[in-house]
Structure formats: C-alpha cells, structure tokens
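The values are calculated or read from the model by the stated rules, or taken from the named source; none is laboratory data. Quick caveat: nothing in here was measured; it's all calculated off a predicted structure. No Cβ is skipped: glycine too gets one built from the backbone with ideal geometry, and neighbour counts run over all protein chains shown.
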Amino acid sequence: MDIYGEISSILDKRYPSLLSCVFSLSYLLINLWFTLGLFRFSFYLSHLAKHINDAYPDKSTADHLLSISSAFFMSSFLLSPVTGLMIDFCLKRARTSIKNMLTNERDLANPDKMYYTLTLGLVPGQGLLALSAVALSAMMFIPTPIASYASFVFLVILRSLLFSCFISFLLSAFPIRYFGTLNGITSAVSGLICLSTNAFLRTSRSTDNYVTMAISIGIFVVPIIFLIKSRQ
C-alpha cells in the first residue's frame, strides 16, 4: 500500500482549494500555536538585556550572563537533528496508524479520523514546545544565574521546535502545492502581531513575567484540541 499516496488523496479531498486551507480549523490552530510561540520567543530576545539588568544589579554578573546567552543561542543548531528525528518518528507512527485503518477497516475508515490521526503525529512536538515555553517563563521569576542558564536551554529547545514543527505541519497537514502561500500568510500575520512586544519595553519585569507566562500556558490549547479531535 502506498500510504503517502493515500494521505495525499485525503488531503486533496479535504482541501481542494487554497481558501479551503486558509479558512480551516487546522490552519487557524497552527497559526495560533505558531504566533504565540513566536511571540514568546521574540519577547525573550527583545527583552533579555532589560530583564538581566533588572534582575542582576551587579554589572559584571549581568554582562557575563549576556555573553553566555550568545554562546547558547549560536549553538542551537546542534539540537535541530534531534528535533527532526523526533518529528519524523512521531509522523511515522501516525502514518502506520492510518495504514492499519486502511488495511483492517477500510470500509469503515473515516477520512476525518485519518486526518486528525495524521496531525496527532505533530502533537508531541507542539506539546513539548508549550512545556518549554512555560519552563522558560517560570525561570524568569527566579533571579539566580542557574535559572538564567536554564532559561537559555529552554529557549534553544523552543526555537528548534517552533520552526521545525510549524514547517512540518504545513507540509504534512495540507496539500504541498499550497505550502508557500500558507507559510507566507502565517509568517506575515505572526510577524506583525509580534511587533506588539515593543509595547512592553517600559513595563516592569514583573508585568513582563506574568504576561509571558499567560501566553506560554495558552500555547497548550492547540495540542490539546488536536488531541481531542484525534480521539473523536
């Protein structure tokens, strides 16, 4: 059985046009997930110096942490192969589940069920990103160097998962011929929304921490919905 051909057929029937993709629940959810994740990522980078300088009055400590952060961020590419392997493994299991549906229960196979079984393969990555975002936000409440080091690690994980899972979702959950347009729309919309991080340049560190924690928790909404849809 050509499982890739079967999945492609399911996607083509579900999304016969670009508009059917743009106005779908899946595209709305992945836009929400990516935008919240990108906002958290952008907020951290744009407010890092402000946070470090406020949390550590000692200039030498603040300068040391800022220099260490650069080393962490530059080495983030080392995590990409691990992220890719995890996504491939989860998607492979999702395709195997769909293949079993088509092999054992083809007459009863529900295209909607098979579609959300496919998207379930990307839920682990989406959930792990949400966990990383919450952990990152939690570290911002703790003014110690160890917490700052931990936040650097969580940011690297978040960054790797954010872009890898987003691209993988567009390539897996929609007809590939619409990939460029869907990617462009999401990038433009999320980028514009992330400009709002500038509104927090003069707010207190406490306000920043509570806002980013709320946003991080909100990221869980998307993988939870996909999980529920796959169980229906």
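The table for this structure:
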read-out: Scan of the range 51-86 for residues that are of a type in the set (S, T, N, Q), surrounded by 14 or more Cβ atoms within 10 Å (Cβ to Cβ) and either modelled with pLDDT under 85 or under 18 Å from residue 209 (Cβ atoms) (or both), ordered by number; value: 53, 69, 76
read-out: Residue check for residue 168: out of contact with any Asp or Glu (no Cβ under 9 Å at 6 or more places or on another chain) and of a type outside the set (Val, Ile, Thr); value: no
read-out: So residue 159, is it in a helix (DSSP H, G or I), at pLDDT 95 or above and among the basic types (Lys, Arg); value: no
read-out: Within the range 210-228, considering residues that are of a type outside the set (A, V, I, L, M, F, W, C) and surrounded by fewer than 19 Cβ atoms within 10 Å (Cβ to Cβ), the one farthest from the chain's Cα centre (by Cα); value: 210
read-out: Any hit, the range 7-22, residues being assigned to a loop (DSSP other than H, G, I, E, B) and without any contact (Cβ under 8 Å) to a residue 24 or more places away in the chain; value: yes
read-out: Out of 197, 186, 203, sole residue that is within 28 Å of residue 53 (Cβ to Cβ) and part of a helix (DSSP H, G or I); value: 197
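Yes/no per residue for (1) in contact (Cβ under 8 Å) with a residue 12 or more places away in the chain; (2) in contact with a Gly (Cβ under 7 Å, 6 or more places away or on another chain); (3) among the hydrophobic types (A, V, I, L, M, F, W, C):
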{"position": "161", "(1), (2), (3)": "yes, yes, yes"}
{"position": "168", "(1), (2), (3)": "yes, no, no"}
{"position": "181", "(1), (2), (3)": "yes, no, no"}
{"position": "185", "(1), (2), (3)": "yes, no, yes"}
{"position": "192", "(1), (2), (3)": "no, no, yes"}
{"position": "198", "(1), (2), (3)": "yes, no, no"}
{"position": "208", "(1), (2), (3)": "yes, no, no"}
{"position": "232", "(1), (2), (3)": "yes, no, no"}
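A quick yes/no check of all residues on (1) outside any helix (DSSP H, G or I); (2) of a type outside the set (Lys, Arg); (3) at positive phi; (4) in contact with a Ser or Thr (Cβ under 8 Å, 6 or more places away or on another chain):
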position	(1), (2), (3), (4)
64	no, yes, no, no
70	no, yes, no, no
78	no, yes, no, no
83	no, yes, no, yes
88	no, yes, no, no
95	no, no, no, no
98	no, yes, no, yes
